[in-house]
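No lab work stands behind these numbers, since they all come straight from the coordinates. All of these numbers come straight from a predicted model, not from anything done at the bench. Reconstructed Cβ throughout: ideal geometry from the backbone, glycine too, with neighbour counts over all protein chains shown.
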Amino acid sequence: MKSLEEAYQLFEEKNRQAELGGGREKIEKIHKSGRKTARERIYALLDPETFVEMDKLVTHRCSDFGMEKNKVSGDGMITGYGKIDGRMVFVFAQDFTVFGGTMSRANADKVVKIMDMAMRMGAPLIGLNDSGGARIQEGVESLAGYADIFYRNVMASGVIPQISAIFGPCAGGAVYSPAMTDFILMVRESSYMFVTGPEVIKTVTHEEVTMEELGGAMSHNTRSGVAHFVAENDEQIVLMIRELVSFLPSNNMEDPPIQPCTDDVMRQDEKLQTIIPADPNKPYDMKEIITSVADNHNFFEVMPFYAQNILTGFARLGGKPVGIVANQPAFLAGVLDINSSVKAARFVRFCDCFNIPLITFVDVPGFLPGTVQEFGGIIKHGAKLLYAFSEATVPKITVITRKAYGGAYDVMSSKHIGGDVNYAYPTAEIAVMGPEGAVNIIHKGKLNEADRAIAVNNYRETFANPYKAAELGYIDEIILPRQTRLKLIRALELTQNKNKTNPPKKHGNIPL
Ligand code: HXC
């Protein structure tokens, strides 16, 4: 019979073994490359002393390829729960020191367990990914484990926020679970995502591409639009996750967390009065308006490197989290194209899932013309944004700063698709199209240069302003730019008990 001391020692020893994962040598290798281990990442992410690990002693059950002789407690997946700013979250982290962080049946079951718990308890799920994909030795059992996770990602979508951080390689099946979560964060020059790697690509398509070009952080943040954030290193990525979580409710039944407002709600910014150039063709930076009106000038931008003609991100107004969507006239004149429509549509839907009011700033000359856009399906992709804004039932507050032309006027959270409070600046131009284009069509070939200039001016006077729309009640109020912060905060107060539901249905059919 073991003495009590021996029993406790055995317990300590088993814990110690589990915490070493794949061993000191492999841990050192990770540290030498400037990265952290899975366990260290969890500790950095969560409030101190709050992490509770589950299934620490689980091992794989595979006996092919001599695997029965090679078992590590925890099986390369650390799972559990803890707190961020005192709020409960569930976490899993793949441990690259154990079989390259690959997915086994046993460690998939660990993830499934905390996903089910996260759903039951109504708390966000955060995955820290660093994995070679399906564990080859386990064959279809690994694929089954992945599929169990994918299925739960879908069931959890819109119920609890799901966040994926990519720290190292994520190959094959390892990318599809992150792809179905709400946000993906990557680390510059050390994280990679691809379905098939450079070697396979070379064999199949004869293309030569590096890991970085194919699936590096900047490829997914600038070109593919798969990722939403890029961090410089392992330390920064966890801080970004903590900030992201601070804007989100724990689940879809809660409102987003209100923080005490340390900024003056009455604050007026005179700089805003001159931010819109007198020349309607001159660009300006919409971010200046957003940061001017946000509490403490803080705008947490989502997808800052992708489709920069539209801005998406979180801010607080009077302490309340809001989602911001804004055309960016400083980039491609703020035009709507395929990528910006898809980027904004997904963001709008996220905010709507999680009761985050939407503030939309509009300065859009229309949809981008051209065969690339038309053949690429701008009709269907632009429709996604129209669909997303129309179906969103959260408070929707819109400010037209300058251009709101054509279909893009309708799309950008207009009154007609459910805008609750629609403001315009005196500089707003709300019409079917810009004066030049309109005159070219209406008076095609009929006017000399001088008459054409007069016609353009007449059109501008009559239509390129907010007053027609205001006369018709499509704009609730014309406001001065310096009043924007206060007006938005008042509109949020007005809409805080908004009660709107869409007709009951299984689900809509968004044009995918
Ligand atoms: C089992 C694996 C593995 C895998 C890596 N390892 N990938 N073990 N199954 N899929 C092991 C290695 O044998 C090694 O073990 C350890 O992990 C570290 O791997 P290294 O190659 O030494 O590390 P590195 O040079 O950093 O390269 C990492 C890597 C590379 C880029 C991830 O290992 C790689 O390309 N692996 C294969 C990736 C892949 O093709 N996965 C797709 C699987 S199919 P030791 O014991 O030496 O430390 C798939 C389909 C699922 O995922 C579909 C679901 C829809």
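For GLY473, the conditions (1) at negative phi; (2) in contact (Cβ under 8 Å) with a residue 24 or more places away in the chain; (3) small (Gly, Ala, Ser) all hold with the exception of (1). Once the range 454-471 is narrowed to residues that are touching a helix residue (DSSP H, G or I) at 6+ places or on another chain (Cβ under 9 Å) and of a type in the set (A, V, I, L, M), the residue that is nearest to LEU494 (Cα to Cα) is ALA469. Residues in the range 144-173 that are more than 17 Å from MET186 (Cα to Cα), more than 10 Å from the ligand (Cβ to nearest atom) and among the aliphatic types (A, V, I, L, M): VAL154, MET155, ALA156, VAL159, ILE160. Summed over the range 20-42, the residues that are surrounded by fewer than 15 Cβ atoms within 10 Å (Cβ to Cβ) and not basic (Lys, Arg) give a count of 6. Looking across the range 128-143 at every residue that is within 9 Å of the ligand (Cβ to nearest atom), of a type in the set (A, V, I, L, M, F, W, C) and not in a strand (DSSP E or B), the one that is surrounded by the fewest Cβ atoms within 10 Å (Cβ to Cβ) is identified as ILE136. Scanning the range 367-378 for residues that are part of a helix (DSSP H, G or I) and either polar (S, T, N, Q) or under 23 Å from the mean Cα position of the chain (by Cα) (or both) yields a total of 3. Would you check if MET180 is under 27 Å from GLY86 (Cα atoms) and more than 9 Å from the ligand (Cβ to nearest atom)? So MET180 fits the description; yes. The residues in the range 73-123 that are assigned to a helix (DSSP H, G or I) and in contact with a Leu (Cβ under 8 Å, 6 or more places away or on another chain) can be counted, and the count is 3. Inspect all residues belonging to the range 452-465 and state whether any of them is closer than 20 Å to ALA404 by Cβ and under 36 Å from the mean Cα position of the chain (by Cα). Looking for residues that are closer than 20 Å to ALA404 by Cβ and under 36 Å from the mean Cα position of the chain (by Cα), one finds at least one in the range 452-465, hence yes. Considering the range 63-81, and only residues there that are closer than 14 Å to LEU128 by Cα and more than 11 Å from the ligand (Cβ to nearest atom), the residue that is surrounded by the most Cβ atoms within 10 Å (Cβ to Cβ) turns out to be ILE78. Kindly provide the set of residues from the range 31-87 that are under 21 Å from VAL245 (Cα atoms) and small (Gly, Ala, Ser), ordered by number. Within the range 31-87, ALA38, ALA44, GLY80, GLY82, GLY86 qualify.
Restricting the first member to the range 254-279 and to residues that are surrounded by fewer than 12 Cβ atoms within 10 Å (Cβ to Cβ), and the second to residues that are part of a loop (DSSP other than H, G, I, E, B), the beta-carbon pairs closer than 7 Å and six or more apart or on different chains are ILE258/GLY319; PRO260/GLY319. Looking at the structure I just gave you, is ALA345 among the hydrophobic types (A, V, I, L, M, F, W, C) and surrounded by fewer than 18 Cβ atoms within 10 Å (Cβ to Cβ)? Judged against the criteria, ALA345 is not a match.
Of the residues screened, SER190 is not one that is hydroxyl-bearing (Ser, Thr, Tyr), within 16 Å of the ligand (Cβ to nearest atom) and not in a loop (DSSP other than H, G, I, E, B). Scanning the range 209-241 for residues that are polar (S, T, N, Q) and surrounded by fewer than 22 Cβ atoms within 10 Å (Cβ to Cβ) returns THR210, SER219, THR222, SER224, ASN233, GLN236.
Quick one: count up the residues across the range 32-72 that are of a type in the set (A, V, I, L, M, F, W, C), under 21 Å from ALA231 (Cα atoms) and assigned to a helix (DSSP H, G or I). Residues flagged as of a type in the set (A, V, I, L, M, F, W, C), under 21 Å from ALA231 (Cα atoms) and assigned to a helix (DSSP H, G or I) within the range 32-72 amount to 4.
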